[in-house]
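Visitor: Starting off with a structure, shown below.
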Amino acid sequence: MAGKLSASLLWEAFERCEGAANCGLLFVCDHASAALPDVYGNLGLKPEAFTRHIAYDIGAAALTRTLAARFGAPAVLSHFSRLLIDPNRGLDDPTLIMEISDGAIIPGNRHISDAERADRIAHYWQPYRSAVQAEVARMIETGPVPVLVSLHSFTPRWKNRPRPWNVAVLWDTDDRLAGPLIAQLRADPALKVGDNEPYDGALRGDSLHEIATIPGLPHVLIELRQDLISDDAGIGLWADRLETALRPLLADAKMHALKPQGTRAA
């Protein structure tokens, strides 16, 4: 345990990209990395497991950095695999530390002690969450209120069923940004755009809920199908599309005001 604690203290839990505090836009990437501190080995998995979606969101980190650079906006990205602990999950979520992910048993996560769970929270999950919250506070203090854009990717198929969407826009209780962004993307007839699918953006305790919904930030979580952003050409294409869609929306003053937490309309 002492070895793991020492490794935890030396490991940087997040990556921060510099950007203007007054730009009104913050990018986050919860599942940016497949990395683990050496002391955890491969958690008992074969190395190839860390090239799969179970370890990280393929393409999401590169897309996040590209968009942050184009907008001159700050970004915060995780620097550890979701297989260690999932920074997008709440502390009471049973999938916070997965024992099985998409059919893969994770030996290093089975029967872990309460002390080990607490160590992973304290040295990986919490520093990442705190870094995002600190960036939000810095931006609010400088003004204007930032829009939060979280970037993820999803698999083309799930349980042998194809997923038809190219891109999906997830949101929680505030659709100020999600509604017009979905409309912008759906204006392209070549795109199949999901609205809170294949996942729903309303999950108590996840990063979108804690960092955006509770304080009242306008927000979206954008999911790209991972085969569309698995290389530089795809990342460039989707950076172009998202930049084109987001720029006019960010110019709207109502996107830069805090809105009290509410309940999504049925």
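The values are calculated or read from the model by the stated rules, or taken from the named source; none is laboratory data. Not measured: the values here are computed from a predicted model. Using ideal geometry, Cβ is built from the backbone for each residue, glycine included, and neighbour counts are taken over all protein chains shown.
Visitor: When you check Ile85 against the structure, is it crowded, with 20+ Cβ neighbours inside 10 Å, in a loop (DSSP other than H, G, I, E, B) and modelled with pLDDT under 95, yes or no?
Guide: Working: crowded, with 20+ Cβ neighbours inside 10 Å: yes; in a loop (DSSP other than H, G, I, E, B): yes; modelled with pLDDT under 95: no.
For Ile85, the condition - crowded, with 20+ Cβ neighbours inside 10 Å, in a loop (DSSP other than H, G, I, E, B) and modelled with pLDDT under 95 - is not met.
Visitor: Looking at Arg129, Arg163, Arg117, Arg138 in this structure, which one is of a type outside the set (A, V, I, L, M, F, W, C) and at pLDDT below 95? Talk me through it step by step, then tell me what you get.
Guide: Numbers: Arg129 fails: at pLDDT below 95; Arg117 fails: at pLDDT below 95; Arg138 fails: at pLDDT below 95.
Going through Arg129, Arg163, Arg117, Arg138 in turn, just one is of a type outside the set (A, V, I, L, M, F, W, C) and at pLDDT below 95: Arg163.
Visitor: Could you go through the stretch 183-200 and let me know if any residue there is touching a Leu at 6+ places or on another chain (Cβ under 6 Å) and of a type in the set (D, E, K, R).
Guide: No; the residues of the stretch 183-200 include none that is touching a Leu at 6+ places or on another chain (Cβ under 6 Å) and of a type in the set (D, E, K, R).
Visitor: Checking Ala68 against (1) part of a loop (DSSP other than H, G, I, E, B); (2) in contact with a Pro (Cβ under 9 Å, 6 or more places away or on another chain), which single condition isn't satisfied?
Guide: Among (1) part of a loop (DSSP other than H, G, I, E, B); (2) in contact with a Pro (Cβ under 9 Å, 6 or more places away or on another chain), the lone unmet condition for Ala68 is (1).
Visitor: Moving on. Among what's in the stretch 166-203 and is under 24 Å from His53 (Cα atoms) and in contact with a Gly (Cβ under 6 Å, 6 or more places away or on another chain), pick the residue that is modelled with the lowest pLDDT.
Guide: Keep residues of the stretch 166-203 that are under 24 Å from His53 (Cα atoms), which gives 166-172, 191-203.
So of that shortlist, the ones also in contact with a Gly (Cβ under 6 Å, 6 or more places away or on another chain) come out as 168, 170-172.
On the way: Ala168: 96, Leu170: 94, Trp171: 92, Asp172: 87.
Checking each candidate, the answer is Asp172.
Visitor: Please go through the stretch 62-72 and pick out each residue that is without any contact (Cβ under 8 Å) to a residue 60 or more places away in the chain and either surrounded by 23 or more Cβ atoms within 10 Å (Cβ to Cβ) or touching a Ser or Thr at 6+ places or on another chain (Cβ under 7 Å) (or both). Steps first, answer last, please.
Guide: Step one: of the stretch 62-72, the residues without any contact (Cβ under 8 Å) to a residue 60 or more places away in the chain are 65, 68-69, 72.
Ala68 - this is the single residue of the stretch 62-72 that is without any contact (Cβ under 8 Å) to a residue 60 or more places away in the chain and either surrounded by 23 or more Cβ atoms within 10 Å (Cβ to Cβ) or touching a Ser or Thr at 6+ places or on another chain (Cβ under 7 Å) (or both).
Visitor: Here is a further query. Which ranges mark the strands (runs of 3 or more DSSP E) fully within the stretch 148-252 that have 1 or more residues being aliphatic (A, V, I, L, M) and in contact (Cβ under 8 Å) with a residue 60 or more places away in the chain? First the steps, then the outcome.
Guide: On the way: elements: 167-170, 193-195, 219-225.
Answer list for the stretch 148-252: 167-170, 219-225.
Visitor: Looking at the stretch 90-97, is at least one residue under 30 Å from Leu25 (Cα atoms), assigned to a helix (DSSP H, G or I) and at pLDDT 95 or above?
Guide: For the stretch 90-97, residues under 30 Å from Leu25 (Cα atoms), assigned to a helix (DSSP H, G or I) and at pLDDT 95 or above: absent.
Visitor: Residues Gly216, Gly201: which one is crowded, with 16+ Cβ neighbours inside 10 Å, touching a Pro at 6+ places or on another chain (Cβ under 7 Å), within 22 Å of Lys254 (Cα to Cα) and not aliphatic (A, V, I, L, M)? Quick ask: steps written out before the conclusion?
Guide: Details: Gly201 fails: touching a Pro at 6+ places or on another chain (Cβ under 7 Å).
After ruling out the rest, the residue left standing is Gly216.
Visitor: Here's something else I'd like to know. If you go through the stretch 52-82, how many residues are out of contact with any Leu (no Cβ under 8 Å at 6 or more places or on another chain) and at pLDDT below 95?
Guide: 2
Visitor: While we're here: Among the residues that make up the stretch 223-236, is at least one of them loosely packed, with under 14 Cβ neighbours inside 10 Å and either under 23 Å from Pro87 (Cβ atoms) or among the charged types (D, E, K, R) (or both)?
Guide: Yes, because at least one residue in the stretch 223-236 is loosely packed, with under 14 Cβ neighbours inside 10 Å and either under 23 Å from Pro87 (Cβ atoms) or among the charged types (D, E, K, R) (or both).
Visitor: Also: Can you name the number of the only condition in (1) out of contact with any strand residue (DSSP E or B) (no Cβ under 7 Å at 6 or more places or on another chain); (2) buried (at least 17 other Cβ atoms within 10 Å of the Cβ) that Leu25 fails?
Guide: Single failed check for Leu25: (1).
Visitor: Oh, and also: Can you pull out every residue in the stretch 89-127 that is aromatic (Phe, Trp, Tyr) and touching a helix residue (DSSP H, G or I) at 6+ places or on another chain (Cβ under 9 Å)?
Guide: Step one: of the stretch 89-127, the residues aromatic (Phe, Trp, Tyr) are 124-125.
Once the filter is applied, which keeps residues that are aromatic (Phe, Trp, Tyr) and touching a helix residue (DSSP H, G or I) at 6+ places or on another chain (Cβ under 9 Å), the stretch 89-127 yields only Tyr124.
Visitor: Cβ-Cβ distance below 6 Å, separation of 6 or more or different chains: which pairs start in the stretch 114-137 with a residue that is among the aliphatic types (A, V, I, L, M) and end on one that is in a helix (DSSP H, G or I)?
Guide: Once the first residue is among the aliphatic types (A, V, I, L, M) and sits in the stretch 114-137, its partners that are in a helix (DSSP H, G or I) give Val132/Ile211.
Visitor: Among what's in the stretch 153-176 and is among the polar types (S, T, N, Q) and in contact with a strand residue (DSSP E or B) (Cβ under 6 Å, 6 or more places away or on another chain), pick the residue that is surrounded by the fewest Cβ atoms within 10 Å (Cβ to Cβ). Even if it seems obvious, please write down each step before you answer.
Guide: From the stretch 153-176, those among the polar types (S, T, N, Q) are 153, 155, 160, 166, 173; that's our starting set.
When the remaining residues are screened for being in contact with a strand residue (DSSP E or B) (Cβ under 6 Å, 6 or more places away or on another chain), the result is 153, 166.
Details: Ser153: 24, Asn166: 19.
Here the residue is Asn166.
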